[in-house]
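Encoded as structure tokens, the structure appears first; notes follow it.
The values are calculated or read from the model by the stated rules, or taken from the named source; none is laboratory data. On a predicted model such as this, the values are computed, not experimentally measured, just so you know. Cβ placement follows ideal geometry from the backbone for every residue including glycine, while neighbour counts extend to all protein chains displayed.
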Amino acid sequence: MNENLSKLFKQAYNHPESRLSVDIWHAIQTKQARSLKIQSLFYGFVGVLSLGGFVLLSFYIKQQFSSSGFFQYASLIFSDGNLFATYWKEYLLSLADSLPVASLGALSFLLFSMFISIKKVVYQYKNQLLIN
């Protein structure tokens, strides 16, 4: 395969009127541009889905925090410091128990995927500008 390709390029070099090397270069650029567009659309779609999921999950986490009593437990630190100093182990365990850990993990995953997809879309856009 490489031998045939090298012969082809040598013949195109000897016969510049055939424009074979230019046609091959344009075909490569066209395929790269198409690939970059597809990747940009995919990452953009993932970013939009992550943003939508992030917004919906943020409202859900806000509701979970209010229903679990996390803010009431957190306000005890400032209301009675002596009580907190006496029962700090039980207080921290109650605070950790009222924290919606699974939802926070899912929220951080959505935030991470949104930032990665934004980074990839910007990178793909810069590559498209360099190709054109």
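When region 34-57 is filtered for residues that are touching a residue at least 40 places away in the same chain (Cβ under 8 Å) and either loosely packed, with under 14 Cβ neighbours inside 10 Å or in contact with an Asp or Glu (Cβ under 9 Å, 6 or more places away or on another chain) (or both), only LYS37 remains. Taking the criterion of being on the phi < 0 side of the Ramachandran plot and not in a helix (DSSP H, G or I), the residues of region 65-94 that qualify are ASP80, TYR87.
Tell me yes or no: at least one residue of region 77-100 is β-branched (Val, Ile, Thr) and within 32 Å of the chain's Cα centre (by Cα). Within region 77-100 (the criterion being β-branched (Val, Ile, Thr) and within 32 Å of the chain's Cα centre (by Cα)), the answer is no, since none of the residues qualifies.
Can you name the residue in region 9-61 that is of a type in the set (D, E, K, R) and part of a helix (DSSP H, G or I) and is also modelled with the lowest pLDDT among such residues? Across region 9-61, the extreme among qualifying residues is GLU17. Taken over region 64-111, the residue count meeting the criterion of being surrounded by fewer than 16 Cβ atoms within 10 Å (Cβ to Cβ), within 20 Å of SER50 (Cβ to Cβ) and of a type in the set (Ser, Thr, Tyr) is 1.
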